[in-house]
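Undergrad: I have a structure I would like to understand better, so I am pasting it below and will then ask my questions one at a time.
The values are calculated or read from the model by the stated rules, or taken from the named source; none is laboratory data. Computed from a predicted model, the values in this text were never measured in an experiment. FYI the Cβ positions are ideal-geometry reconstructions off the backbone, even for glycines, and counts take in every protein chain you see.
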């Protein structure tokens with residue numbers, strides 16, 4: 001049957017009693033039959049028993065050495081000791097100021113407070129479905145193995161010159177700050193990634209975006225040289241004016257430092273530059289480097305045209321933005337159309353058109369076109 005713990009300690013000889021420790025021979029012999037027991041010796045024995053019972057009755061067990069046990073279970077109490085060596089440790093709360101050595105499994109249902117360093121020769125493993133929460137600064141000199149989830153409430157910082165090697169999948173929901181090199185052998189899942197130093201894939205590696213993912217970027221510039229333009233005779237509808245025509249646009253090749261460009265023609269002729277961007281890019285501005293002919297009306301006009309064909313080739317196409325016109329003073333100029341927000345959709349074809357104006361044969365020149373765009 002169960003035995004209840006007594007509630008009263010057998011206090012003895014704690015006042016003015018005479019206490020005399022027996023000699024070693026007396027301790028060996030003990031009480032001798034027929035010989036009266038010494039009161040002083042009896043007081044010493046019972047007082048020592050009372051002190052030991054008082055020590056064992058204390059809920060906190062303190063030892064200056066080590067506790068070696070096949071199993072040590074503390075229910076509702078705290079283990080505070082310089083060192084614990086056990087096959088299994090089960091405690092509600094354990095504080096170890098020295099070393100904690102468990103050859104088997106160590107289970108702490110509450111908090112395990114360690115004022116010194118945690119050294120795990122075989123690594124630290126958190127079972128699947130469990131969480132390792134490190135509230136302060138943690139230094140791992142060897143391997144930190146986590147099979148479940150690792151939560152860093154203050155972020156994860158790897159000092160400069162050190163390496164963080166994640167062997168399996170890693171998910172970072174907050175901040176991951178790496179001063180040195182971080183190597184992820186598996187998958188690094190990040191709900192949001194912002195890099196101040198850029199993102200570089202090592203040699204022969206790839207950056208892959210799957211599904212509907214995309215690479216977004218800010219303003220970039222597409223350059224279209226004169227050779228990308230196509231001369232068109234507007235008066236002739238859709239027919240192109242040959243470059244060798246005496247009245248059409250002619251292509252000037254590089255001779256003695258001369259830039260390759262279109263020059264001429266009679267009024268009413270255009271050079272059309274195709275905007276070769278991808279679907280999803282957004283046109284923000286266009287510009288053309290030109291030189292017109294001095295004289296009233298001898299101008300070059302620039303406009304952006306969008307061709308859309310749904311059911312007919314003769315409807316649905318529009319001009320985008322306003323027409324830009326040169327100064328007719330014979331100088332090198334840049335015509336610019338800004339403030340555009342033209343996102344390119346499927347089967348929407350954009351062209352930049354430059355048209356010669358005037359009353360007679362002109363000396364207009366076209367170097368090329370620039371298109372500023374982004375990918376929002």
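Undergrad: Mind checking which residues of the stretch 47-60 are within 11 Å of residue 21 (Cα to Cα) and surrounded by fewer than 15 Cβ atoms within 10 Å (Cβ to Cβ)?
TA: Of everything in the stretch 47-60, just one residue is within 11 Å of residue 21 (Cα to Cα) and surrounded by fewer than 15 Cβ atoms within 10 Å (Cβ to Cβ), namely 48.
Undergrad: So is residue 212 part of a loop (DSSP other than H, G, I, E, B), closer than 23 Å to residue 278 by Cβ and at pLDDT 70 or above or not?
TA: yes
Undergrad: Return the only residue of 17, 40, 13 being at positive phi, at pLDDT 75 or above and surrounded by 14 or more Cβ atoms within 10 Å (Cβ to Cβ).
TA: Unique residue meeting the criteria: 13.
Undergrad: Separate question: Please count how many residues of the stretch 275-329 are closer than 30 Å to residue 359 by Cβ and either without any contact (Cβ under 8 Å) to a residue 12 or more places away in the chain or part of a strand (DSSP E or B) (or both).
TA: 20
Undergrad: Let me ask something else. Kindly indicate the residue of the stretch 253-267 that is over 21 Å from residue 295 (Cβ atoms) and touching a strand residue (DSSP E or B) at 6+ places or on another chain (Cβ under 8 Å) and also modelled with the lowest pLDDT among those meeting that condition. Talk me through it step by step, then tell me what you get.
TA: Just the residues of the stretch 253-267 that are over 21 Å from residue 295 (Cβ atoms), to begin with: 253-260.
Now narrow it down to the ones that are touching a strand residue (DSSP E or B) at 6+ places or on another chain (Cβ under 8 Å): 258-260.
Values: 258: 86, 259: 92, 260: 92.
For the stretch 253-267, the residue satisfying everything is 258.
Undergrad: Do we find that residue 310 is exposed (fewer than 15 other Cβ atoms within 10 Å of the Cβ), over 48 Å from the mean Cα position of the chain (by Cα), farther than 20 Å from residue 225 by Cα and at pLDDT below 95 in this structure?
TA: In short, no.
Undergrad: Does residue 283 meet the test of being under 43 Å from the mean Cα position of the chain (by Cα) and either modelled with pLDDT under 95 or on the phi < 0 side of the Ramachandran plot (or both)?
TA: Judged against the criteria, residue 283 is a match.
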